[in-house]
């Protein structure tokens, strides 16, 4: 009889997450020539790194048990009404967007739209986002989002230095900017050696600077006169940037009208929950003349092979890989899912709806302020949109506590002042409740309706915008739920995501994002918490973060975890920042040499230059490994100035370097530190701990290894693990400092814990898998990759292998011989895969003319076999081109992908319509039709259009 412990099936989720079952695993092991998963690991990984300490994690639990445990943690958070402001506001996510975008795997499991032909839906959504930003700011060019408002400020400052004609080394910062923004700017400026000058807007003209940042409206709600200050900075050759509130810009004069060169901010209040700090979509807009200096991604309009409008990422599509340390920024992703949501919020409400929301927010704020004024309270803010500072003198603390007791969080400005900020959810009842809390019985004399009759406002006519916004048809056609629902479905149908088929992008780890992991993200106990709420209200979040930190310590072996970085690139930045601070604290600030292997991810050199480090490239050998002799020579050459080595392990070439321990020892012997890029951590979890093989600091891509979805290009989280000696130098936060040895250090992100609300995903994954499940997942990832490499190698040579001919969790297949022989390119093969229903693997990285394939542990043998069969079929097609059966310029590869319109239209091609659309029989069962033909990238770069095209363009 089966024992009860087996019937309870605590390991159920492990089998839900891992694709192949036991019989399939046995079959695949036989194919690759291993007797067991343990034997495969021993055959693949260097013996010198195996045998470390075990991963001390609790046993796996079921989905329901994990959700119940997390619910108990969530219930420790207190949902209070948030009137704190400071860049975060209560908002309402329209339910049609919540259910059909934020909670929809068709949107959140897609990848960054590098393969544009099967990404037209989210590209359209991102273009809508850019159009919203262009309309609100009045500027000419917008990107497709940045990580957060504070990071966008740092990027604006860096862009100012790139384009400014000023010789100054100083940058002016509005002293009334958001304090977290100033904190992040301080971190960036220190790394570059720039001096920050603080003052009021009126004082900016008194300083010779290469640029200036002003907050509009400022942290205290004041709408300062900025046109004079902006003109003065520009007259001296500096660049001006405005940190702006998008909801305020619905009614206020645009940054462009004020003369600003750059405008940025956060679109959180466009329907995105506060989430204890994120994730949110920051925006960044500037003038067209600066388009080649803009950080992040830009969506542009091009044409496809039929001459129809088609969208793509423009200009800096793969900037870090091409320009490396000369890149504008290390940001290689964005907050695409949140940008899509914000854009859809604008589509759903339209210009009239947004104006109604903005006017309501201001009216309530004005009525609130006027009421207090009439009972003798000093309102410090003169011209405001949604925020006021009030002076209550000796009664301030008591008033704050009374508001707290009534369920309202306000901002402590000083011992005598409180800040009150209104958001979309505010109502007349809130105004009355706050009056009562702040002035007691005096509130009885106040009446909202009577004050409303006076049409009170604090927005003088000269402050208001006169131009129309959101006039494009897309913002004026989807205001009923029926129309919005169909619009969202129409766009979703154009995109290929994990809900359709495997996405085998190497170095991207497109694994399962389980529904049970995603469900808690939208619990109000996590979504409705302000990042600067009192700690007595955030005990659940703090327990969650501490719990996840302990899980990650157990997995990686590091002594401390910094949870602040909100992307992998941000994790790199935070890691090198800790190394730089460590050297400086030891009186060795001159150490500025960063060794980086040729195979490194492009963000590595880009990040190093952001720390003012000099990049020295280390050669790789013919097997794809770091050339140890070259490493030793360069470490010796730069010994006195060696800061660190940035190394990815296993390497981006898809192999486990046998000499990794020796490599780390070489760096340490010369006084350097080892930064281990965590992009490939999915090949190590529960087998090897980075900290035990020589790493001093490493980032962990929670959006790869630990199941946070990629969201079509963000969000992500990149916390870093650090050895004890680096812990005092990791990022902290000026507004909500975290206790620890790093107290007093400045920040890298706007919120103390980055995009905190999505940490629940990784917590759930680790809790449901347990240590044994994580080990099985890593072993299966290695098996799936070796299985694919083995079966593909007959047609496509595997470029690099490690010991015993094994690959790590990914492999690189070499397409260059085929190109030389037949003229068929890696692009042709990538586009042809779309006709088979697959997203192409990573193309031409890290080696041009190759595919890097990473199947992950979540894909079944059946799905792997379908992909393998598709690749073999494509190889047969290539042979027909090589043999002259199909002309080199007229064949299914060169014309791929094939749209429905192409297949049903006039057909004068040497291959059949069926060969074009259904190259294998099983493609019929679940056919994915690309909505556009092959896109002309060159046309798009020659004709940069980054706003919504007119409806006529599609006719």
**Computed over the chain, Cα set: Rg, Dmax in Å** = 27.9, 92
**Message:** Based on alpha-carbon centroids, what's the gap between the stretch 385-404 and the stretch 496-568 in Å, whole number please?
**Reply:** 35
**Request:** At 7 Å along the Cα-to-beta-carbon direction for both residue 865 and residue 31, put a label point, then send me their distance in nm to one decimal.
**Result:** 0.8
**Prompt:** Cα atoms only, the stretch 850-908: Rg and Dmax in Å?
**Reply:** 14.9, 43
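Please report, in whole Å³, the volume per residue of the convex hull around the C-alpha atoms of the stretch 802-955.
170
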**Request:** Decide, for the stretch 176-250, between rounded, prolate and oblate: order the square roots of the alpha carbon gyration tensor eigenvalues as a ≥ b ≥ c, take rounded if a/c falls under 1.5, and otherwise choose prolate if a/b is larger than b/c, else oblate.
**Result:** oblate
**Message:** I'd like the orientation of helix 149-163 relative to the chain: the angle between its Cα long axis and the longest Cα principal axis, in ° from 0 to 90, rounded to 10.
**Reply:** 80
**Request:** Would you mind giving the average projected area, over all directions, of the Cα convex hull of the stretch 446-493 in nm² with one decimal?
**Result:** 6.5
**Request:** Take each of the peptides 186-195, 453-462, average the number of other beta-carbon atoms within 10 Å over its residues, and list them starting from the highest.
**Result:** 186-195, 453-462
**Request:** With N set to the residue count of the stretch 66-219, report its C-alpha Rg divided by 2.2 N^0.38 Å to two decimal places.
**Result:** 1.35
**Request:** Could you give the C-alpha radius of gyration of the stretch 596-687 expressed as a fraction of 2.2 N^0.38 Å, taking N as the number of residues it contains?
**Result:** 1.02
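With N set to the number of residues, divide the alpha-carbon radius of gyration of the stretch 708-806 by 2.2 N^0.38 Å and report two decimals.
Normalised by 2.2 N^0.38 Å, the Cα Rg of the stretch 708-806 equals 1.57.
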**Item:** Cα-projected label distance for residue 72 with residue 412, points at 7 Å along beta-carbon direction, nm
**Value:** 3.3
**Item:** Ellipsoid semi-axes in whole angstrom, largest first, where each is sqrt(5λ) of the Cα gyration tensor of the stretch 357-396
**Value:** 20, 10, 8
**Fill in**
Rounded to whole angstrom, the alpha-carbon centroid of the stretch 742-804 lies from that of the stretch 878-955 at a distance of 34
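Just the number, please: Stokes-Einstein D of the stretch 1-105 in µm²/s, Kirkwood Rh from C-alpha pairs, 20 °C, 1.002 mPa s.
After rounding, the answer is 109 µm²/s.
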**Message:** Counting only Cα atoms, I'd like the Rg/Rh figure for the stretch 521-767, Kirkwood definition for Rh.
**Reply:** 0.97
**Directionally averaged shadow of the stretch 112-347, computed from the convex hull of its alpha-carbon atoms, nm²** = 12.7
**Request:** Evaluate Rg over Rh across the stretch 407-502, taking Cα atoms for both radii and Kirkwood's formula for Rh.
**Result:** 1.18
**Asked** Between the helical axis of 481-492 and the dominant principal axis of the chain, each derived from Cα atoms, what acute angle in degrees is found, rounded to the nearest 10?
**Response** 40
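Label the stretch 444-544 by shape, choosing from rounded, prolate and oblate, from the square roots a ≥ b ≥ c of the eigenvalues of the Cα gyration tensor; if a/c is under 1.5 it is rounded, and otherwise prolate applies when a/b is larger than b/c, oblate when it is not.
Working: a/c = 2.73, a/b = 1.40, b/c = 1.94.
Here the stretch 444-544 falls in the oblate category.
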**Asked** How far is helix 660-669 tilted off the main Cα axis of the chain, in degrees rounded to 10, range 0 to 90?
**Response** 50
**Prompt:** What share of Cα pairs, in percent, lie more than 27 angstrom apart in the stretch 737-886?
**Reply:** 42
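Read-outs: derived from the displayed coordinates by stated rules, not from any lab. Since this is a predicted model, take the numbers as computed values, not measurements. Cβ coordinates were reconstructed from backbone atoms using ideal geometry, including for glycine residues, and neighbour counts include every protein chain displayed.
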